[in-house]
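Laboratory data are not the source of any read-out in this text; all were calculated from the coordinates shown. Note that the structure is a prediction, hence the values are computed from the model and not measured.
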Amino acid sequence: MQQFKGFMTLSRHIMEQERKYPKATGEFSSLLSDLAVAAKIVGRSVNKAGLVDVIGFTGDENIFGEEVKKLDILANETIVRTLDHGGHLCVMASEESNGLIKIPPEHPKGNYVFLFDPLDGSSNIDVNVSIGTIFSIFRRISKEGDGTLQDCLQPGFYQVAAGYVLYGSSSMFVYSTGQGVHGFTYDPGIGEFLLSNENMTVPDRGKIFSMNTGYLNFWPDEIRRYYDYITSVDPATNRPYSLRYIGSLVADFHRNLLYGGVFIYPPDKKHPNGKLRLMYEANPLAFLVEKAGGAASDGFTPILQKQPVDIDQETPLIIGSKEDVAVVEDFLRGKK
Ligand code: AHM
Ligand code: MG
């Protein structure tokens with residue numbers, strides 16, 4: 001019989017990672033632990049989303065006399081309030097807030113910068129389809145006090161950690177501090193994330209492509225030619241790729257991370273620079289996919305090498321299995 005070695009909870013994993021760095025002060029670990037608490041609170045609200053009709057509408061007061069907030073606003077506030085007083089952050093920025101989010105003057109400032117998309121896949125919130133929180137962590141460049149825009153505008157390869165929380169058929173916390181990508185599934189019975197997917201790796205090639213084909217007539221010719229290619233029979237497998245598109249980047253990414261494949265949001269006539277946000281979506285997922293052996297590109301430059309100029313900037317995104325990403329790049333560069 002296999003010996004029971006105990007569960008690897010997310011908190012224990014964070015602690016064990018910290019012990020690998022004898023000089024670690026615990027600041028970074030306490031940031032991740034606070035984030036896990038925020039994930040549980042947001043996850044609980046997401047699970048109750050369908051009850052909005054029962055306990056109150058957005059803008060109303062619910063039966064407890066509290067104002068009912070839109071779930072993405074609520075997720076944003078929950079994350080900010082859970083992380084702003086721990087002394088580990090000097091600044092935050094979120095897809096849901098304008099400009100930088102300062103740490104309130106009464107709280108100590110720390111060494112890290114936290115960028116996030118509180119609830120990715122917002123169009124899926126009201127229809128019970130998977131959504132998620134995406135986060136990116138940098139070390140500050142400035143020396144002290146409030147963090148600055150310059151602290152936030154660092155290229156993705158400077159990230160010290162990144163991850164996401166997926167609120168799906170179960171909730172999962174997936175993160176990397178650079179040493180592998182690890183997934184934890186939430187057990188509501190004990191209120192803990194438990195290690196379920198250690199050292200996740202993405203296959204070099206998959207059988208899935210994910211893109212909003214409704215924009216076909218808005219795409220550049222190179223992407224239309226790629227679409228013809230990917231939907232014709234692959235001689236190696238005698239079948240075309242399967243199309244899977246949830247419309248929540250985080251959920252599409254998670255599936256492709258496990259099964260292999262490629263997610264593409266190219267520039268199009270409606271979104272000339274692509275739609276996805278470099279700092280809140282593309283960078284963190286690019287960090288994870290590279291740590292899992294995959295690739296992420298804007299078609300010409302690896303996402304992690306892009307020098308950001310604006311905290312809210314958009315980017316085309318091609319992300320997933322290494323070989324699949326390379327094929328899309330070949331089409332965009334006119335090599336195919
Ligand atoms: P959001 O952060 O406001 O939810 O927007 C980003 C979402 C991604 O999750 C998803 O991949 C994409 O927008 C879907 O866009 P489209 O509906 O144009 O295909
Ligand atoms: Mg998003």
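Taking the Cα atoms of the stretch 98-224, report the difference between the largest and smallest coordinate on each principal axis, in whole Å and largest first.
49, 46, 34
Please figure out what share of the DSSP beta bridges in the stretch 208-332 is antiparallel and state it in percent, rounded to the nearest 5. Before the final figure, lay out each step's value.
Numbers: 11 of 16 bridges.
Beta bridges within the stretch 208-332, antiparallel portion: roughly 70 percent.
Ratio of the chain's C-alpha Rg to 2.2 N^0.38 Å, to two decimals?
1.01
Which of the residue pairs Lys306/Lys336; Lys23/Lys322; Lys269/Lys306; Lys48/Lys109 have a Cα-Cα distance greater than 32 Å in the structure shown?
Lys23/Lys322; Lys48/Lys109
Tell me the angle of helix 27-47 to the major Cα principal axis of the chain, expressed in degrees between 0 and 90 and rounded to the nearest ten.
80 degrees
With θ set to phi - 60° and the Karplus curve 6.51 cos²θ - 1.76 cosθ + 1.60, what are the ³J(HN,Hα) couplings of the stretch 253-264 in order, to the nearest whole Hz, using x for Gly and Pro?
5, 4, 4, 5, 5, 7, 9, x, x, 9, 10, 10
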